[in-house]
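I have placed the structure first, in the form of structure tokens, so that the comments after it can refer back to it.
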Amino acid sequence: MKYKVTLNGKTYEVEVEHGKAVLLDEYEALAPAQAVPAPVAAPAAVPAAAPAPAAPVNLAAGETVSSPMPGNIIRIDVKQGDSVKAGQILVILEAMKMENEIVAPKDGTVAQVVTSKGSVVDTGAPLVVIA
């Protein structure tokens, strides 16, 4: 892999292979060029449409178990109506190539499973509601 790194006004071109780095080139960094106004005759670019925000989820009453980090849901071990004990695995969340067990914070009944297998979730996303 080749990388260009700018540090203290100097640009270094480095190649990294099998844990060894080799300096290929070193030169002074150039200041970014001033923006040149576009010609009047140029067609204006059409901005891309922003993705629609996700629809809000109506959560059942109870304690919501949220995702502690962004990741992919690879397994759901409970369904609505299941009884769970504190510490029981509810969901397996893959984040940074690690499988993380999301467990029940208390004894109760699963009031709602908010996520689904294969979903990509952000930090704080609701996963399961326990009543």
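The string of couplings for the stretch 98-104 from the Karplus curve (6.51, -1.76, 1.60, θ = phi - 60°) is 10, 8, 10, 7, 9, 10, 5 Hz, one whole number per residue in order, with x for Gly and Pro. For residue 89, the shell of other residues with beta-carbons less than 10 Å away shows a net charge of -1, using +1 for Lys and Arg and -1 for Asp and Glu.
Mean separation of Cα pairs under 8 Å and 6+ residues apart, divided by the residue count of the stretch 70-131: what relative contact order is that in percent? Kindly include the intermediate steps, with their values, before the conclusion.
On the way: 140 pairs, mean separation 24.0, N = 62.
Contact order relative to length: 39 percent.
Partners of residue 10 within straight-line reach, counting lysines whose Cα lies under 19 Å from its Cα and excluding those fewer than 8 residues away in the same chain: 2.
Amide H to amide H distances under 5 Å link residue 67 with 124, 125, 127, where only residues 5 or more positions off or on other chains count and H is placed in the peptide plane. Taking a point 7 Å from the Cα of residue 131 along the Cα-to-Cβ direction, the residues of the stretch 64-102 with backbone N closer than 19 Å to it are 64-66, 78-86. In this structure the amide hydrogen of residue 114, modeled in the peptide plane, comes within under 5 Å of the amide hydrogens of 128, 129, none closer than 5 places in sequence on its chain.
Electrostatic tally near residue 104: other residues with Cβ closer than 14 Å to its Cβ, Lys and Arg +1, Asp and Glu -1, net -2. How much length, in nm to one decimal, is gained on full extension between residue 69 and residue 100, taken as 0.36 nm per residue of separation minus their Cα-Cα distance? Result: 10.2 nm gained on full extension.
No lab work stands behind these numbers, since they all come straight from the coordinates. Keep in mind the model is a prediction, meaning the values are calculated, not measured. Cβ atoms come from the backbone with ideal geometry, glycine included; neighbour counts cover every protein chain shown.
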